1. So how many residues does the range 88-105 have that are open to solvent by 70 Å² or more (accessible area, probe 1.4 Å) and farther than 22 Å from residue 26 by Cα?
2. Kindly establish whether residue 84 is in a loop (DSSP other than H, G, I, E, B) and modelled with pLDDT under 95.
3. Residue 1 fails exactly one of the following numbered conditions: (1) modelled with pLDDT of 95 or more; (2) within 19 Å of residue 111 (Cα to Cα); (3) open to solvent by 60 Å² or more (accessible area, probe 1.4 Å). What is the number of that condition?
4. Every residue in the range 53-81 that is free of Cβ contacts under 8 Å to residues at least 12 places away in the same chain, open to solvent by 60 Å² or more (accessible area, probe 1.4 Å) and assigned to a strand (DSSP E or B), please.
5. Which of the residues spanning the range 23-44 are open to solvent by 60 Å² or more (accessible area, probe 1.4 Å), within 23 Å of residue 10 (Cβ to Cβ) and in contact with a Lys or Arg (Cβ under 7 Å, 6 or more places away or on another chain)?
Amino acid sequence: QVQLVESGGGLVQAGGSLRLSCAASGRILSINAMGWYRQAPGKERELVAVITSGGSTNYAASVSGRFTISRDNAKNTVYLQMNSLKVEDTAVYYCSASLRTAPWSALREYWGQGTQVTVSS
């Protein structure tokens, strides 16, 4: 079994900052890409940022320059530092990890349960 557990969400005023964390645990052989997605009410889930095992990153245009994704491979943990938050950043944030549980297994994507981020004006 593999679990991804997010933490760090909450309520913040516009212009403020939050740092999300997501730790993967369980039967994990190796983790490829890790990422953050978000889903606002009435909208589809969208990619926020992704980071490869080698540290290459990619961001949605709406968060580029304000958010920073990073990871600690030794801890199987991915972070999302969110600065200059806007009301439109309000959403449930989900982390994902593309990983293998055994040498013979294919890459499979796992998801966390989500953490609420609310930005007030």
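The values are calculated or read from the model by the stated rules, or taken from the named source; none is laboratory data. The shown structure was predicted, so the numbers you read here are calculated from the model rather than taken from an experiment. Note that each Cβ is placed from the backbone with ideal geometry, even for glycine, and that neighbours are counted across all protein chains shown. The protein model used for the area step is the full one, side chains on, heavy atoms only, and it has no ligands, DNA or RNA in it. Shrake-Rupley method; radii C 1.70, N 1.55, O 1.52, S 1.80 Å.
1. 1
2. Criteria not met by residue 84.
3. (1)
4. 58, 59
5. 39
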